[in-house]
Amino acid sequence: MRKKCFTAWFDGSIDHINQKAYIGYLIISPNNKVIRMYSNEISYVSDIQRVECLALNECLYFANRRGIKDIKVYGDCKYVIADIVSGSEKRKCYKRTKLLRNEFINCELIFKPRIFNKYADHLCKLARYGTYVVQGGKFNGMQFGNMSLG
């Protein structure tokens with residue numbers, strides 16, 4: 001039986017009217033402690049699949065830098081996750097994802113519908129409205145320590 005591992009959730013969003021793009025991710029330890037919450041505006045990209053991939057890459061990069069070696073990563077962009085899991089390199093950002101995933105002992109990518117990705121989705125929305133988050137532990141008065149994300 002596999003021991004409990006780190007979990008992460010990522011999301012991306014685009015505002016085509018104002019030509020802005022946003023990413024967000026959340027990393028949680030095996031004992032449900034928030035390791036990192038992150039939201040930010042990135043350079044405008046009109047392709048949502050690329051923005052989702054960039055969010056995933058930021059998440060994996062941070063997890064790798066923290067020494068995390070076993071992680072389950074959830075996202076709501078079915079096509080990005082399917083392409084990456086299948087080994088596709090049709091997008092430049094997928095190549096970086098492949099390199100980042102190779103740094104982990106285990107890095108499982110799992111599609112979850114948007115309704116289950118509300119925390120990363122919320123972080124993207126915060127960035128969209130000018131609130132950028134880079135922290136762990138507490139967020140907006142809400143403790144994430146004992147929530148269930150599985």
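To keep it simple, each residue is scored yes or no on (1) surrounded by fewer than 17 Cβ atoms within 10 Å (Cβ to Cβ); (2) modelled with pLDDT under 60; (3) farther than 16 Å from residue 38 by Cα; (4) not hydroxyl-bearing (Ser, Thr, Tyr).
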{"position": "90", "(1), (2), (3), (4)": "yes, no, yes, yes"}
{"position": "123", "(1), (2), (3), (4)": "no, no, no, yes"}
{"position": "129", "(1), (2), (3), (4)": "yes, no, no, no"}
{"position": "133", "(1), (2), (3), (4)": "no, yes, no, yes"}
{"position": "145", "(1), (2), (3), (4)": "yes, yes, yes, yes"}
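Sub-7 Å Cβ pairs linking a first residue in segment 56-68 that is open to solvent by 10 Å² or more (accessible area, probe 1.4 Å) to a second residue that is part of a helix (DSSP H, G or I), at least 6 apart or interchain, are 61/100; 64/100, ordered by first then second residue. When segment 69-79 is limited to residues that are in contact with a strand residue (DSSP E or B) (Cβ under 6 Å, 6 or more places away or on another chain) and open to solvent by 50 Å² or more (accessible area, probe 1.4 Å), the one that is farthest from residue 12 (Cα to Cα) turns out to be 72. Taking first residues from segment 39-52 that are at pLDDT 90 or above and partners that are open to solvent by 50 Å² or more (accessible area, probe 1.4 Å) and in a strand (DSSP E or B), the Cβ contacts under 6 Å between residues at least 6 apart in sequence or on separate chains come to 44/20. Scanning segment 41-70 for residues that are more than 16 Å from residue 99 (Cα to Cα) and of a type outside the set (Val, Ile, Thr) yields 41, 43, 44, 46, 47, 49, 50, 52, 66. Can you say whether residue 118 is basic (Lys, Arg), modelled with pLDDT under 80 and within 20 Å of residue 32 (Cβ to Cβ), as far as the supplied structure shows? Here the answer is yes, as residue 118 does meet what is asked.
Answer yes if at least one residue in segment 3-18 is surrounded by fewer than 22 Cβ atoms within 10 Å (Cβ to Cβ), among the charged types (D, E, K, R) and more than 22 Å from residue 122 (Cβ to Cβ), and no otherwise. Yes, segment 3-18 contains a residue that is surrounded by fewer than 22 Cβ atoms within 10 Å (Cβ to Cβ), among the charged types (D, E, K, R) and more than 22 Å from residue 122 (Cβ to Cβ). Scanning segment 30-48 for residues that are of a type outside the set (Ser, Thr, Tyr) and crowded, with 17+ Cβ neighbours inside 10 Å gives 34, 35, 36, 37, 40, 45.
The values are calculated or read from the model by the stated rules, or taken from the named source; none is laboratory data. Note that the coordinates shown come from a computational prediction; the quantities given were computed from them, not determined experimentally. When we count neighbours, we look across all protein chains shown, and the Cβ atoms used for this are built from the backbone with ideal geometry, even at glycine. The protein model used for the area step is the full one, side chains on, heavy atoms only, and it has no ligands, DNA or RNA in it. Shrake-Rupley method; radii C 1.70, N 1.55, O 1.52, S 1.80 Å.
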